[in-house]
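Novice: Quick one: the structure is below, questions incoming.
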Amino acid sequence: MFSKFDKIKLRDGNEMPIAGFGLYKVTGDATTESAVHCAYDMGYRLFDTAQLYQNEAEVGAALASLNVPRDSIFVTTKVAEENQGYQSAIDSVKESLRKLQLDYVDLLLVHWPIQSKFFETWEAFEEIKKMGLTKSIGVSNYDIIHLQYLATQAKEMPVVNQVERHPRLSRQPLLEFDQEHGIVTQAWSPLGRGAVLDNPVVEEIADKYGKSPAQIILRWHLQSDVSFIPKSVHENRIKENIDIYDFELTAEDMDAINNINDYHRTGREPSLVYEYNEQYKR
């Protein structure tokens, strides 16, 4: 049976909590500190931020104010497109660590694949790991083709691939590819930014278990062997999102949720970001 403190063994030997706390659009010293403290008290140990979020300093202060041993929390940040490239990636990570008030992050991700700096950025990541500035290296928003391309030159492959994933974008082929290659899939926007919370299939399953639609969806991620990082600044939602360990979905439930998939994205299309070298404007 799963518990909220369960971890996944990464291919490099490190361990990562399955459930994480996303910090996208969480800003302001007081709001960030309140959210981080609430999340920690509720059992979250993975905290996910990024250079793009422009809140690393607030997150760092909030984590420091927890006053807990460093090895009791798992911190992720991501290198933005504008900081990709060999030396610029290294320099930007050092700046991220300064803001986070940390000597290292547990997981460093390339935030989006861009073709102009594709290989040199990953070479920098391998070097950053050797420097001890991160424990593990991974990617975000990489499709199968990007992972296959990376494998042609990488000395060390990513241990995590963080992608948009929710019932309307189930990503089954990517999940299978990641599993076959020892890559943990982690879901950002695991609730589809609310796009699936009123789905009748999810609502029916939620009624059956006396749970909220959000809890059903997060349990679906858990039973799919997918890590997930929901975000909220509201105490009741933070608590609700981790209260998913006292029930289990059946195989029929899992199939029904899998079948909701209609390829609906709430974020960018990775292949176009790769071609444009930035998060394009729609």
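Novice: Residue separation times 0.36 nm, minus the C-alpha to C-alpha distance between Q179 and D198: what's the value?
Specialist: Full extension from Q179 to D198 adds 3.8 nm.
Novice: Of Y209, I244, Q186, which is farthest on the positive side of the dipole of region 184-282, counting Cα position, with +1 on Lys and Arg Cβ, -1 on Asp and Glu Cβ, and the Cα centre as origin?
Specialist: Result: Q186, furthest along the dipole toward the positive end.
Novice: Toward the positive end of the charge dipole of the chain, about the Cα centre and with charges on Cβ (Lys, Arg +1; Asp, Glu -1), which of A195, H264, A151 goes farthest?
Specialist: Of the candidates, A151 comes out farthest on the positive side.
Novice: When the helix-only estimate is applied to the chain (DSSP H runs of n ≥ 4, each -39,500 (n - 2.57), divided by the residue count), what is the mean residue ellipticity at 222 nm, nearest 500 deg cm²/dmol?
Specialist: -12000 deg cm²/dmol
Novice: Send over a whole-number figure in Å² for the accessible area per residue of the chain, probe 1.4 Å.
Specialist: Value for the chain: 44 Å² per residue.
Novice: Sort R193, R168 from largest to smallest accessible area, using a 1.4 Å probe on the heavy atoms of the protein chains.
Specialist: Correct descending sequence by accessible area is R193, R168.
Novice: Return the carbon/sulfur percentage of the accessible area of region 20-102, one whole number, probe 1.4 Å, all protein chains in place.
Specialist: Solvent-exposed carbon and sulfur of region 20-102 make up 46 percent of the total.
Novice: What does the accessible area of S271 come to, in Å² to the nearest 10, when a probe of 1.4 Å is used?
Specialist: Only protein atoms counted, so the area is about 40 Å².
Novice: Still on this structure: List the relative contact order of the chain as a percent without decimals, with contacts defined as Cα pairs under 8 Å and 6+ residues apart.
Specialist: 20
Novice: Also: If you take the square roots of the eigenvalues of the alpha-carbon gyration tensor of the chain and sort them as a ≥ b ≥ c, do you get rounded (a/c under 1.5), prolate (a/b over b/c) or oblate?
Specialist: Judged from the Cα gyration tensor, the chain comes out oblate (a/c at least 1.5, b/c at or above a/b).
Novice: Sticking with this one: Relative to the Cα centre, what is the charge dipole magnitude of region 185-282, using +1 at the beta carbon of each Lys and Arg, -1 at the beta carbon of each Asp and Glu, and rounding to the nearest 20 debye?
Specialist: 540
Novice: Around I144, under 12 Å between beta carbons, what's the net of Lys plus Arg minus Asp minus Glu among the other residues?
Specialist: Summing Lys/Arg as +1 and Asp/Glu as -1 gives -3.
Novice: Where the only charges are on Cβ atoms (+1 Lys, Arg; -1 Asp, Glu), what is the dipole of region 70-152 about its Cα centre, to the nearest 20 debye?
Specialist: Roughly 220 debye, rounded to the nearest 20.
Novice: Assuming R0 = 22 Å, what is the FRET efficiency of F2 and N236, from their Cβ-Cβ distance, to the nearest 0.05?
Specialist: 0.50
Novice: Take every DSSP beta bridge with both residues inside the chain and express the antiparallel ones as a percent of the total, to the nearest 5.
Specialist: Given both bridge residues lie in the chain, the antiparallel proportion sits at roughly 15 percent.
Novice: For R237, what accessible area in Å² do you get when you roll a 1.4 Å probe over the heavy atoms of the protein chains, rounding to the nearest 10?
Specialist: 120
Novice: Hey, what did region 10-88 get for relative contact order, percent, Cα under 8 Å, at least 6 apart?
Specialist: Normalised by residue count, the contact order of region 10-88 is 33 percent.
Novice: Order D253, D6, D246 by their accessible area, 1.4 angstrom probe, all chains in place, largest first.
Specialist: Greatest to least solvent exposure: D246, D6, D253.
Novice: DSSP loop (so not H, G, I, E, B), at most 15 other Cβ within 10 Å: list which trypsin sites (Lys or Arg not before Pro) in region 94-157 pass both filters.
Specialist: Listed in order of number, the matching sites are K155.
Novice: Between region 52-97 and region 119-144, what is the C-alpha centre distance in whole Å?
Specialist: 14
Novice: For region 121-251, what's the relative contact order in percent, using C-alpha pairs closer than 8 Å and at least 6 residues apart?
Specialist: It comes to 18 percent, rounded to a whole number.
The values are calculated or read from the model by the stated rules, or taken from the named source; none is laboratory data. The structure presented is a predicted model; accordingly, all values stated were derived computationally and were not measured. Because the Cβ atoms are built from the backbone with ideal geometry, glycine has one as well, and the counts that use them run over all protein chains shown. In case anyone asks, the SASA skips ligands and DNA or RNA and just uses the protein heavy atoms, side chains included. Shrake-Rupley method; radii C 1.70, N 1.55, O 1.52, S 1.80 Å.
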